[in-house]
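Comments concern the structure below.
The values are calculated or read from the model by the stated rules, or taken from the named source; none is laboratory data. Remember, it's a predicted structure, so these values are computed and weren't measured experimentally. Counting neighbours? That spans all protein chains shown, and the Cβs are built from the backbone with ideal geometry, glycine included. These area figures cover heavy atoms from the full protein model, side chains too; ligands, DNA and RNA do not enter into them. Shrake-Rupley method; radii C 1.70, N 1.55, O 1.52, S 1.80 Å.
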Amino acid sequence: MNNIPQRPMLALILLIPAPSIGVLANGTLAESDVAVYALIGLVIWMICKVWIVTFPAFWHRRFDDGEFGFSTLVEGSGLRPWMEGVAIGGVLSAVLVVTFVLVRPHMDLIEIGASIREIGLDSWPKVIAAILFWVFINSVIEEYVYRWFITNQAIAVIGNYPIRAGAISVAAFTLHHFVAVALVAPSFWIALLAASAVAFGGAAFSFLYHRHDSIWPAWACHATLDVVVFGGVAWIALVAS
């Protein structure tokens, strides 16, 4: 244990659980009919959201003596990194659609649609607003947190082993999404299937991050997938059910 760098390990311990804690609070307390519980859940969720955005920047500056930047691509790389991200996102989206078609006979879309509408996605304006938020804000934040900060802190702990560091990033990324889906999914197996898809996506995002040393190709892949995923969510909630 003495050989493990303590500071980056502490950074991982302080950050990785936060998204799941926020989601659990929002999914359990914030939906309560008791006003005090609902307020507590909402406050915890908001604190966790602020934490995952501000903590990496604070830690990077205060403890890692790092400079702020925009994760710029290598000069002269042109559109190739962006095209790679979109292309890989397109392939993963196609796999996701095929998987959905195969498992659809075993899914109760009526029940799933009702679960989606219960969390507020019950109209096209709300769904479109959610898609825009997840594609242009949430996915950028997740790449900043999981691909940049967690990956680099993991490297500081275990050494420059991209696959191992990427695995830590993917595990943290998958945990957060599994908790989120499990709260609304009608069965454990659907949540597990969704988590498996998230893990494959996270692996692709990590590959692109290591390949280009920038979050933006990974974001392009992530955003492409999000459009398909939330388009499917909208279809289930507002059309199929």
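A few comments on the model shown:
- Single residue of Arg164, Arg147 found to be open to solvent by 10 Å² or more (accessible area, probe 1.4 Å) and of a type in the set (Lys, Arg): Arg164
- Qualifying residue in the range 129-143 (condition: at pLDDT 95 or above, farther than 19 Å from Val229 by Cβ and either surrounded by 18 or more Cβ atoms within 10 Å (Cβ to Cβ) or within 13 Å of the chain's Cα centre (by Cα) (or both)): no
- Pairs where the first residue, in the range 85-96, is under 14 Å from Trp219 (Cβ atoms) and the second is among the hydroxyl-bearing types (Ser, Thr, Tyr) and assigned to a helix (DSSP H, G or I), C-beta under 6 Å, 6+ apart: Val86/Thr224; Gly89/Thr224
- Of the residues making up the range 196-222, just one is in contact with a Ser or Thr (Cβ under 6 Å, 6 or more places away or on another chain), more than 19 Å from Asn152 (Cβ to Cβ) and crowded, with 20+ Cβ neighbours inside 10 Å, namely Val198.
- Filtered residue count, the range 85-124, keeping only those that are within 16 Å of Ser196 (Cβ to Cβ) and either over 19 Å from the mean Cα position of the chain (by Cα) or open to solvent by 40 Å² or more (accessible area, probe 1.4 Å) (or both): 11
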